[in-house]
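Inspection log for the structure reproduced underneath, given as structure tokens.
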Amino acid sequence: MKRYYLKTMGCQMNEHDSEVIAGILASLGYEPTEELEEADFILYNTCSVRENPERKVYGHIAAFRKLKEAKPELVIGICGCMPQQKDELESILEKLPHVDLIFGTHNIHRLPELLERAQSGERVVEVWDEAQAGPGEDHRDGLPKVRKHNVKAFVNVIYGCTNFCSYCIVPYTRGKEHSRLPEMVRQEVQELTEAGFKEVTLLGQNVNAYGKDLGAEITFGTLLRELHEIPGLERIRFTTSHPRDMGEDLIRAMAELPKVCEHLHLPVQAGSNRILRRMNRGYTREYYLQLVNKVREAVPGISLTTDLIVGFPGETEADFEETLSLVEDVRFDSAFTFIFSPRKGTPAARMSDQVPEEVKKERIYRLIDLQNQISGEHMQKLLGQELEVLVEDVSSGGLVGRTRSNRQVHFAGDTCLIGQLTVVRITEASTFSLKGELA
Ligand code: SF4
């Protein structure tokens, strides 16, 4: 039995790509291992959104040289977003000579042939610039998957992004937007519910742009309505939404479809119009606030989360305070906060007025403090409430699941509840998670 060690870095798109990679390897007779020494194939599915994960890849894989010396037939591979960038690919080839196999985000389906060639001693490098699939098609369609969970599942609806935010590497590593045909998505969700899955999370860098490349009257809102009709499906989630493409039909679908959970992840990134313009986000602070009001009116009590970047080139103290005041105005349930990391090849990395590291650090702590305080206040309001929870797994002597607003809850209960919807009364609340008892 051959074994593989698969390390996944980055976003949910990468996590789901790793589920496909694991499915392909299982179909080739491989078993997963967490022990590097046991592996016949080591593969890193990489991320390029920030410098740190990239640096880690070089550090980790450089250390595998010894493993390779001890086991020459070992195959070491790199895939994901790093090799999709030409400079990074050259750097990998130069700095990591013991890497045998390199492929990208557009040709995962080629893994069986590429791995066989690497096992025969060839150094295999195959990175496609673009997905070579017709409209609505994608090479991942129909490929086997080993899913991480058996209650909830990721389902890709659109790949790539053409928004070209000035700090973002994704359009260069994942290519232009291409949507999957609705019938392919519906079939996948149908098969999942028949297999007992209760919840799906629809994935895309920008799901709101779904259908734009398919011509017909297909939008993300119409897709949600189609999937909503699938019997046995209990919950629908989706991520990520770009504010500029948040249409009325999507907001109406969220308000009218009971299976669509009351949680929206809507990255704003900054509070200053000057910085939003330099980021090429395509909306203003005022537009974003209006959109938030519209969504909250349509879906009362909705949980709103976001992404925020501090230290974008040229960000002044006044700009940063506009981010803080936007956070105070909107009062997000929670936020992913990032320090700006210049990505080679993006316009923002070439901007002259980079913010000093110590200023970035000082600002990120102020932002985190403010957001944690607000998140904590939101969580406290849930004390005593009885909330519907989809039970996902066992955890530290009890069970864990998520509310419709995507909050994690720990409580005592019998494992037969896993995969079921139940009601939990909240007895304890911290900034990031809840405790409760079965109601
Ligand atoms: S919307 Fe902007 S930040 Fe998001 S993936 Fe696309 S280019 Fe990147």
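When every Cα-Cα distance of segment 15-68 is counted in 10 angstrom steps from zero, the calculated P(r) takes the values 20, 45, 33, 2 percent. Our coupling estimate for segment 260-276, obtained by passing each phi through the Karplus curve with A = 6.51, B = -1.76, C = 1.60 and θ = phi - 60°, is 6, 5, 7, 8, 10, 9, 10, x, 9, 6, 7, x, 9, 4, 4, 6, 4 Hz, Gly and Pro reported as x. Lacking any other cysteine beta-carbon closer than 4.7 Å, the following Cys residues of the chain have no compatible partner: CYS11, CYS47, CYS79, CYS81, CYS161, CYS261, CYS416. The radius of gyration of the Cα set in segment 139-228, together with its Dmax, comes out at 13.8, 42 angstrom.
Remark: C-alpha extents of segment 183-237 on the principal axes read 32, 20, 15 Å, sorted largest to smallest. Here the contact order of segment 51-110, divided by its residue count and restricted to Cα pairs under 8 Å and six or more residues apart, works out to 37 percent. Amide H contacts for GLY175 (H built 1.01 Å from N in the peptide plane; partners 5 or more residues away or on another chain; cut-off under 5 Å): CYS161.
Entry note, the chain: the mean residue ellipticity at 222 nm calculated from DSSP H runs of n ≥ 4, each adding -39500 (n - 2.57), is -10500 deg cm²/dmol after division by the residues and rounding to the nearest 500.
Provide, in order from the shortest bin, the percent of all Cα-Cα pairs of segment 386-438 in each 5 Å bin, continuing until the bin that contains the maximum pair distance. Whole-percent P(r) values from 0 Å outward: 5, 24, 40, 24, 6, 1.
Cross-link partners for LYS66 among the lysines, with Cα-Cα distance under 19 Å and sequence neighbours closer than 8 places in the same chain left out: LYS7, LYS56, LYS95.
Quantify, in whole percent, the carbon and sulfur part of the accessible surface of segment 1-155 (1.4 Å probe; protein heavy atoms only).
Details: 3460 of 7020 Å².
Solvent-exposed carbon and sulfur of segment 1-155 make up 49 percent of the total.
Spatially, segment 1-56 and segment 345-383 are offset by 30 Å when compared through their Cα centroids.
Divide the volume of the convex hull around the Cα atoms of the chain by the residue count and you get 151 Å³ per residue. The HN-Hα couplings worked out from phi for segment 12-25 by the Karplus form 6.51 cos²θ - 1.76 cosθ + 1.60 (θ = phi - 60°) are 5, 4, 5, 4, 6, 4, 5, 5, 6, 4, 4, x, 5, 5 Hz, whole numbers, x standing for Gly and Pro. Residues whose amide H comes within less than 5 Å of that of GLY413, counting only those at least five positions distant or on another chain, are LEU399 (H built at 1.01 Å from N in the peptide plane). 3J(HN,Hα) along segment 362-369: 4, 6, 5, 5, 5, 5, 4, 4 Hz, from the Karplus curve 6.51 cos²θ - 1.76 cosθ + 1.60 with θ = phi - 60°, whole Hz, x for Gly and Pro.
Taking a straight line from the alpha carbon of LYS344, these aspartates and glutamates sit under 13 Å away, with near neighbours fewer than eight places off in the same chain left out: GLU51, GLU54, ASP87, GLU88. For segment 234-302, the Kirkwood hydrodynamic radius comes to 12.8 Å, computed from all pairs of different C-alpha atoms. When the alpha-carbon atoms of segment 73-172 are used, the pair Rg, Dmax equals 15.4, 43 angstrom.
Counting only protein heavy atoms and a 1.4 Å probe, segment 45-141 has 45 square angstrom of accessible area per residue. The alpha carbon convex hull volume per residue for segment 2-126 rounds to 95 Å³. For the pair GLU256 and ALA318, label points projected 7 Å from Cα toward Cβ lie 4.5 nm apart. Close lysine pairs were tallied over segment 149-261: pairs 8 or more places apart or on different chains with Cα atoms under 18 Å apart number 4.
Starting from the Cα gyration tensor of segment 294-381, multiply each eigenvalue by 5, take the square root, and state the resulting semi-axes largest first in whole Å. All intermediate terms of the calculation are to be shown ahead of the outcome.
Numbers: eigenvalues 155, 43, 23 Å².
Those come to 28, 15, 11 Å.
The amide H of TYR210, built 1.01 Å from its N in the peptide plane, has PHE220 as neighbours under 5 Å, considering only residues 5 or more places off or on other chains.
To the nearest 0.05, what FRET efficiency results for ARG274 and GLU358 with a Förster distance of 25 Å applied to their C-beta separation?
0.65
The values are calculated or read from the model by the stated rules, or taken from the named source; none is laboratory data. Bear in mind the structure is a predicted one, so any value in this text is a computation, not a measurement. Cβ atoms come from the backbone with ideal geometry, glycine included; neighbour counts cover every protein chain shown. Note: areas computed on protein heavy atoms with side chains; ligands, DNA, RNA excluded. Shrake-Rupley method; radii C 1.70, N 1.55, O 1.52, S 1.80 Å.
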